Amino acid sequence: MNKKISLGVAISLIAIGCAITFVLTWTISLNVYNSKISSVQKYDGAYDKIRQMDAVIRSNYIGEIDEEAVKNGILSGYVNSIGDGNAAYMTPTEYYRKQQIESGVVTGAGFEAYEDGSGYLVVSSVYKNSSADKNGLMTGDVITEIDGRSVTQMEPGAALEKISGEIGTQITIGYLRDSESYTVNLIRQQTEIESVTEEMLENKVGYIRISSFNQKTAEQFSRSLNTVLSNKATALIIDIRQNKGEVFSVVKPMLNRILPAAVAASAEYKNNVIKPLIETDSEQQLDIPIAVLLDSGTSSAAELFAVALKDEGNATLVGTRTSGKATVVTTYEFPDGAALSISTAKVIPSKSDSYDKTGINPDYVVELPAGMYVDYVEHEADTQLIKALEVISAGNSAN
């Protein structure tokens with residue numbers, strides 16, 4: 001038999017329920033608020049010290065103060081102090097450049113450079129078929145002047161900004177190479193980064209060089225793989241030396257061309273939450289011997305690519321120990337266009353041990369000859385490539 005309650009009792013129960021809900025909500029909110037206040041209060045002393053330092057500097061410093069540089073320095077200092085070697089604070093200009101590079105299409109004079117601490121810029125890479133490439137600029141060149149003005153007289157970051165600019169405009173670069181001075185006129189243009197190239201080597205071995213991982217890399221890799229397979233490649237060498245592996249999202253479609261369906265790697269997030277990171281879903285496997293060339297410049301997504309090929313595709317690794325960046329780095333954008341990158345998860349290989357901070361040790365450790373660099377060494381002198389050919393040929397014969 002159903003029991004009925006009076007309207008007054010019902011109202012009382014509802015009131016009690018609302019009160020309990022309010023108390024719980026208020027308690028949780030208060031705890032969150034208190035934790036935030038506590039976090040802010042931890043830095044009260046630092047804020048006071050900054051204010052004191054600022055007052056002393058403005059009253060006594062004889063030089064000019066770059067307000068933007070001071071602000072960015074404070075923000076970068078906080079990020080650099082948390083102990084995350086992958087963390088970075090980026091100004092809007094720096095973040096925009098990062099987005100361009102990761103997209104695989106850059107606008108500018110056709111090269112990347114960094115400030116070396118002396119006030120000058122050092123060319124770190126030159127994009128193939130760009131104005132810089134066609135006019136002979138090379139990695140390692142020291143930029144001393146831009147449009148007739150010494151870069152040492154420019155504000156921090158200003159010289160790097162001038163490399164970019166409106167498509168079709170000209171920029172004059174003065175640079176040093178082996179103590180000799182040169183001047184070159186470059187045209188700013190839009191350039192697709194060629195991150196993948198291929199060729200056929202002896203004994204029907206396909207060779208694919210992947211210089212970086214960006215949003216165009218998976219498509220370019222697929223084309224290169226199709227090319228060597230159409231040329232009847234019976235073995236494959238994939239070269240990822242000096243590949244910083246910036247973009248993780250392209251790893252899966254690239255591995256899908258080679259590996260069978262598998263969880264190639266997982267990610268461990270905060271509070272021990274583990275989720276699949278790279279899960280291939282291909283129904284076919286590339287059934288030919290594969291060797292991967294790597295070195296100390298092989299990092300991040302490139303390392304994940306290599307270890308997945310070893311764990312799930314039985315690839316052989318040749319070269320030197322990699323950089324050891326087995327973390328997922330997430331970038332958060334702020335309303336003003338600046339951004340923050342921090343490590344948000346650890347990469348867990350499917351079979352291999354963790355390589356975070358230790359690097360991946362190759363199956364065959366081989367050094368390049370002294371004074372040789374990956375971008376300039378000829379195949380005939382490339383000891384790492386020669387060893388990979390030896391290993392891959394032996395495996396090919398066994399098949």
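Derivation of every value follows stated rules applied to the coordinates shown; laboratory data play no part. None of the values given here were measured: they were computed from a predicted structure. Here Cβ is always computed from backbone atoms with ideal geometry, including for glycine, and neighbour counts include all displayed protein chains.
General observations
- With contributions of -39500 (n - 2.57) from each DSSP H run of at least four residues, the per-residue ellipticity at 222 nm computed over the chain stands at -11000 deg cm²/dmol.
- Gain in span if fully extended, N80 to D336, counting 0.36 nm per residue against the direct Cα distance: 90.1 nm
- Helical segments meeting 15 Å axial Cα length and Kyte-Doolittle 0.5 threshold in the chain (DSSP H): 7-41, 301-313, 383-398
- Cα gyration tensor shape of region 315-373, rounded if a/c is under 1.5, else prolate or oblate by comparing a/b with b/c: oblate
- Flagged links, alpha-carbon separation over 28 Å, of K275/K325; K98/K128; K204/K325; K128/K275; K204/K351: K204/K325; K128/K275; K204/K351
- Our compactness index for region 196-398, the C-alpha radius of gyration over the empirical 2.2 N^0.38 Å, is 1.02.
- Tensor-based shape of the chain (alpha-carbon gyration tensor, a/c under 1.5 rounded, otherwise prolate or oblate): oblate
- Size of region 154-277 from its Cα atoms: along the principal axes, largest to smallest, the extents are 52, 51, 30 Å.
- Under 16 Å from K162, Cα to Cα: aspartates and glutamates that are on another chain or at least 8 residues apart: E94, E112, E115, E145, D147
- Length available on full extension from T172 to V365: 0.36 nm per residue minus the Cα-Cα distance, which gives 65.1 nm.
- Dipole moment magnitude, nearest 20 debye, the chain about Cα centre, only Lys, Arg, Asp, Glu C-beta charged: 1820 debye
- Taking 7 Å steps out from each Cα toward its Cβ at E180 and A69 produces label points 3.4 nm apart.
- Bridgeable aspartates and glutamates around K346 (alpha carbons under 18 Å apart, same-chain partners fewer than 8 residues away excluded): D84, E246, E268, E279, E303, D311, D356.
- Hypothetical label at K98: residues of region 131-170 whose amide nitrogen lies under 15 Å (7 Å Cα-Cβ projection): none
- Dipole check for region 133-243: with +1 at the C-beta of Lys and Arg, -1 at the C-beta of Asp and Glu, and the Cα centre as origin, the magnitude is about 360 Debye.
- Annotation: lysines with alpha-carbon distance below 29 angstrom to K49 (same-chain offsets under eight excluded): K36, K71.
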